[in-house]
1. Going by the structure shown, is Arg13 free of Cβ contacts under 8 Å to residues at least 12 places away in the same chain and basic (Lys, Arg)?
2. Pairs under 8 Å by beta carbon, first residue among the charged types (D, E, K, R) in the stretch 101-120, partner surrounded by 22 or more Cβ atoms within 10 Å (Cβ to Cβ), six or more apart or different chains?
3. For the stretch 156-170, enumerate the residues that are without any contact (Cβ under 8 Å) to a residue 60 or more places away in the chain and either touching a Gly at 6+ places or on another chain (Cβ under 9 Å) or assigned to a strand (DSSP E or B) (or both).
4. Among what's in the stretch 4-29 and is of a type outside the set (D, E, K, R) and under 16 Å from Leu78 (Cβ atoms), pick the residue that is surrounded by the fewest Cβ atoms within 10 Å (Cβ to Cβ).
5. Got a number for residues in the stretch 141-155 being over 16 Å from the mean Cα position of the chain (by Cα) and without any contact (Cβ under 8 Å) to a residue 24 or more places away in the chain?
6. Taking the residues in the stretch 125-162 that are closer than 24 Å to Ala63 by Cα and of a type in the set (Ser, Thr, Tyr) as candidates, determine which candidate is surrounded by the fewest Cβ atoms within 10 Å (Cβ to Cβ).
7. For the stretch 3-38, which residues satisfy the criterion of being aromatic (Phe, Trp, Tyr) and either more than 18 Å from the chain's Cα centre (by Cα) or part of a loop (DSSP other than H, G, I, E, B) (or both)?
8. Got a sec? Which of Tyr39, Tyr51, Tyr89 is modelled with pLDDT of 95 or more and on the phi < 0 side of the Ramachandran plot?
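The values are calculated or read from the model by the stated rules, or taken from the named source; none is laboratory data. The model shown is predicted, which means the values in this text are computed figures rather than measured ones. Because the Cβ atoms are built from the backbone with ideal geometry, glycine has one as well, and the counts that use them run over all protein chains shown.
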Amino acid sequence: MYITKVDGKIIERRELNKRECTLYDLDMLVKFQEEVNEYNTLKNIFGSYSYDELLRIINTENAFCYLYYDDNVFVGFLLIDNAVASEEYEEYEIKHIDRCKTAIYAAVMINPKYWGNGLQRQISKEAEDTIANKGYKYIVITVSPINVYSYNNFKQLEYKIISEKDLSFGHRYIMYKEV
């Protein structure tokens, strides 16, 4: 993965570092989500996960959270949940794919200073490989219709809309992809 600009300034291309989230990172992630949501002028396009929800996910088999860094600067995170363990999955009302073989692309959140570098798409491509290696066959995501950047990223990655729903965290397209 490469970064080409930060805060609108062109910088040297460099690879991001990645590591698994631990219990000690959860407070930082909760605060990071709050900061990104406060920065964003379009409300209800990003969901947020509480400390307890993050803890459940990192302790769930075949679910994972990766943290991404540019040198030592935190850039963002990826959160993948197991559909069997997820309470949110019930809200999606998906009938035609096997829940036991489904991962939920719960979140990818990037520091606003790094927006516009294609990091969501790059992280998502990498996540698809990890998801397939964990034995999943499908990925389900939700995207706010007003979050055109995320919607276009997932559309380019060949995710398909299977429904639209008003969920507890706002109106969303429900999309999926076979890996």
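1. When the stated conditions are applied, Arg13 passes them.
2. What qualifies is Lys101/Tyr136.
3. Listed by number, the residues that qualify are Lys160, Ile161, Glu164, Asp166.
4. The selected residue is Thr22.
5. Adding up the residues that qualify gives 0.
6. Thr130
7. Within the stretch 3-38, just Tyr24 meets the criteria.
8. None of the others qualify; the one that does is Tyr51.
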